[in-house]
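K.L.:
To start, I am sharing the structure in question, which I have written as structure tokens.
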Amino acid sequence: MLPVGHPNNPGSTPLPFEYTFFDLGPRLKDNTQVFYRALAGVRGSGERWDWEVAALTSQSAQREYVDNFVNRYAFEQILRDGSYNFLNPSSTPGALDALRLQTKRPGWYKLHSLNVKASTTLWELPAGAVGFAWGAEFRKESLDARTSAQVLSGTELRPAINVVNGERQVSAAYAELSVPLHRTLELQLAGRGDRYDDFGKAFSPKVALRWQPLDSLLLRGSFSRGFRAPSLPEIAPGQTVSYGSVIDPLDPLQPGGSRGVTNIRTGNPDLKAERSRNFNVGAVWSPDGDTSIGLDWYRIEQDNLVKPDSAQFIVDNPTLFPGRVQRDAQGRIQFITNQYANQGELTTSGLDLEANRTFRTEGWGNFTVAGSWTHLLSFKQPLVAGQAPYEGAGNNRHGALPRTRGTTSLNWAVDDWSSTLSLQYVSGYDQRVATATSNPGLRDRIKPYHQLDLYVAYEGIANTTLSLSVLNLTDKDPPFDPAGGSNGFDISQYNLRGQFVSLGARYRF
């Protein structure tokens, strides 16, 4: 609020306003990370058993230094005394020096583990030997992500906060059998049990069949159950304050426009682990040594999916979430409260296709055409806990989920040279978040994306490889999507790195 009497407030009542201190200059962040990892082990072989024991310890310590945050108390002072001209900042340059604030944020993550594993042949069947393996793992992990002293004292204006302090101990044991039922048919049975001291236990079985009726044809299928324990930031006590954007249909100044908001999110010690059921059926056809085509179908069903509620859904349905959206006196969103929760089920299915063919020539080297593609058939999950699943495949309601993506490449190898030219493709998707009201002329579908990459290597020097890599050869920009907020594109799919050139040299002793 600009108080009465401030040079930029000619009225007789306090004046609400929004302002960004662009004249402070860029906000520069410097992250210093010190990481160590030590692994020691013993490996041996006997008449029947091969075994291994290993111990690991690692730590990652980080310090983040930031220039040009805004000092809250200095900001309040220039509001009171009118020493900063918001309409003509260049006329009051001295006030900027008092506003600048430098911060330091520390944090570390530690991991200690002990692993034991062994394998053997149990007995002989008419079709071959039965293989068996088992193992055990014990580990302790701890995380302490702190915030700066300036945030704790309230000095930093509009701070981003990520405070997490937690630790856990995990023990696990697993075993696997490989049973040849026939010379062309193999059965795999496996199971793993995990125990976490913060959420409980989980058992993950797996059964798989591998059938090769012809030398050129392989058929395979599997069923397994899995789990994902809530991460320490999700389950440990702590709070995160971050900034994002939503489309606000109730904004009094720009209905349906993109609005920057503060997100306040807390951990949830009552979280359950995510559980999954995984199905996979596939085939590989290789008529000769230079050709291979593989096609797989998958379906994954997850329960107790751990996610925060969709901020956009909360804004779109305020009556369902009373008190979760806080607005200022004008009616503009200030912040949204959220918490990690078990969101119900996620069901997804799709097809994966891989193919390659090598063409061999006399004097011109070898050419290989390869492709790796995936097609998303379905992706259903609730937007918030307790709601019905929403189909997100091919739209951006759950974030951008293009149906088709893949890479097609051409490799040329001749003498000491090799090169690969690859084309990445991401299909377009339907716009389900942003509106044409706030984005005149907005298309109802985001354009597809193509990117060319080039890699060239030379190995004509003994034990040495020299390489050149050019990512995004044509310097192509991501497709425009206003639902990405100020980025103008969905950061989960694309980046603004542009053309990226790197040179490499590797020497093998």
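The values are calculated or read from the model by the stated rules, or taken from the named source; none is laboratory data. Since the model is a prediction, treat every value here as computed from it, not as a measurement. So basically every Cβ, Gly included, is an ideal-geometry build from the backbone, and we count neighbours across all protein chains shown. Keep in mind that these areas ignore ligands, DNA and RNA; they rest on the heavy atoms of the full protein, side chains included. Shrake-Rupley method; radii C 1.70, N 1.55, O 1.52, S 1.80 Å.
K.L.:
Assigning unit charges at the beta carbon (Lys, Arg +1; Asp, Glu -1) and nothing else, what dipole magnitude in debye, to the nearest 20, does the chain show about its Cα centre?
P.N.:
760 debye
K.L.:
In addition: For the chain, what is the mean residue ellipticity at 222 nm derived from helices alone (per DSSP H run of n ≥ 4: -39500 (n - 2.57); sum divided by total residues; nearest 500 deg cm²/dmol)?
P.N.:
My calculation for the chain gives -1500 deg cm²/dmol from helical runs alone.
K.L.:
Just reorder I446, I264 by solvent-accessible area, largest first, 1.4 Å probe, all chains present.
P.N.:
I264, I446
K.L.:
Would you work out what percent of the accessible area of the chain, with all protein chains in place, is carbon or sulfur (probe 1.4 Å)?
P.N.:
Reported share for carbon and sulfur atoms: 56 percent.
K.L.:
Given R₀ = 45 Å, what would the calculated FRET efficiency be for L473 paired with R43, taking r from the Cβ atoms and rounding to 0.05?
P.N.:
Efficiency for this residue pair is about 0.50.
K.L.:
May I pose another question? With both partners inside the chain, how many of the DSSP beta bridges are antiparallel, as a percent to the nearest 5?
P.N.:
95 percent
K.L.:
Just going by the charge dipole of segment 157-251, with Lys and Arg at +1 and Asp and Glu at -1 on Cβ, which of L177, A190, G238 is farthest out on the positive end?
P.N.:
Comparing the listed Cα positions along the dipole, L177 ranks first.
K.L.:
In addition: Quickly rank 272-283, 22-33 as a protection proxy: mean count of other C-beta atoms within 10 Å, highest first. All intermediate terms of the calculation are to be shown ahead of the outcome.
P.N.:
On the way: 272-283: 16.7, 22-33: 10.9.
Per-residue Cβ counts within 10 Å, averaged per peptide and sorted highest first, yield 272-283, 22-33.
K.L.:
Now for a different question. What number comes out for accessible area per residue over segment 372-509 if the probe is 1.4 Å? Units Å², please.
P.N.:
That works out to 56 Å² per residue.
K.L.:
Mark the label point 7 Å from the Cα of Y458 along Cα→Cβ and return the residues of segment 342-381 whose backbone N is within less than 20 Å of it.
P.N.:
Only 364-366 fall inside the zone, counting backbone N under 20 Å.
K.L.:
In nm, to one decimal, how far is the N165 label point from the K272 one, both placed 7 Å along Cα→Cβ?
P.N.:
Roughly 3.1 nm, to one decimal.
K.L.:
Between D23 and A136, what length comes free when the chain is fully extended (0.36 nm per residue of separation minus the Cα-Cα distance, one decimal in nm)?
P.N.:
Between D23 and A136, full extension yields 34.9 nm more.
K.L.:
Write down, largest first, the equivalent ellipsoid semi-axes of segment 413-509 in whole Å, where each equals the square root of 5 times an eigenvalue of the alpha-carbon gyration tensor. Intermediate results must be reported in sequence, preceding the final value.
P.N.:
Numbers: eigenvalues 322, 31, 15 Å².
Working through the eigenvalues yields semi-axes of 40, 12, 9 Å.
K.L.:
With a Förster radius of 41 Å, plug the Cβ-Cβ distance of S372 and N88 into 1/(1 + (r/R0)^6) and report the FRET value to the nearest 0.05. Don't jump to the answer; show the numbers that get you there.
P.N.:
Values: r = 57 Å, r/R0 = 1.39.
Given R0 = 41 Å and the Cβ-Cβ separation, E is 0.10.
K.L.:
Where does the charge balance sit around L401 when Lys and Arg score +1, Asp and Glu -1, over other residues with C-beta under 15 Å from its C-beta?
P.N.:
Every neighbour counted, the sum reads +3.
K.L.:
Could I ask something else about it? Sort 156-167, 41-52 for me by packing, meaning the mean count of neighbouring Cβ atoms within 10 Å per residue, highest on top.
P.N.:
Sorting 156-167, 41-52 by mean packing, highest first, produces 156-167, 41-52.
K.L.:
Further question on the same structure: Please enumerate, by chain and number, the lysines with C-alpha under 16 Å from the C-alpha of K447, excluding those fewer than 8 residues away in the same chain.
P.N.:
Within reach: K476.
K.L.:
Follow-up. To the nearest 10 degrees, how steeply does helix 72-81 sit against the main Cα axis of the chain, on a 0 to 90 scale?
P.N.:
It is inclined by approximately 20 degrees.
K.L.:
Using alpha carbons only, how many angstrom separate the centre of segment 58-130 from the centre of segment 452-484?
P.N.:
The two parts, judged by their Cα centres, are 29 Å apart.
K.L.:
In whole Å, what three semi-axes, largest first, describe the equivalent ellipsoid of segment 459-509 built from its Cα gyration tensor (square root of 5 times each eigenvalue)?
P.N.:
Gyration-tensor ellipsoid for segment 459-509: 37, 10, 6 Å.
K.L.:
FRET efficiency for W108 and T319, Cβ-Cβ distance as r, R0 = 30 Å, nearest 0.05?
P.N.:
With R0 = 30 Å, the Cβ-Cβ based efficiency is 0.10.
K.L.:
At a 1.4 Å probe radius, which order do H398, H450 fall into by accessible area, largest first?
P.N.:
If we order H398, H450 from most to least accessible, we get H450, H398.
K.L.:
In debye, nearest 20, what is the charge dipole magnitude of segment 60-163 about its Cα centre with +1 on Lys and Arg Cβ and -1 on Asp and Glu Cβ, if you could check?
P.N.:
Details: 12 positive and 10 negative charges, 34 e Å.
Computed about the Cα centre, the dipole is about 160 debye.
K.L.:
Which of the peptides 223-235, 94-106, 322-334, 302-314 is most tightly packed, and how do the rest follow, judged by the mean count of other Cβ atoms within 10 Å per residue?
P.N.:
Answer by packing, highest mean first, reads 302-314, 223-235, 94-106, 322-334.
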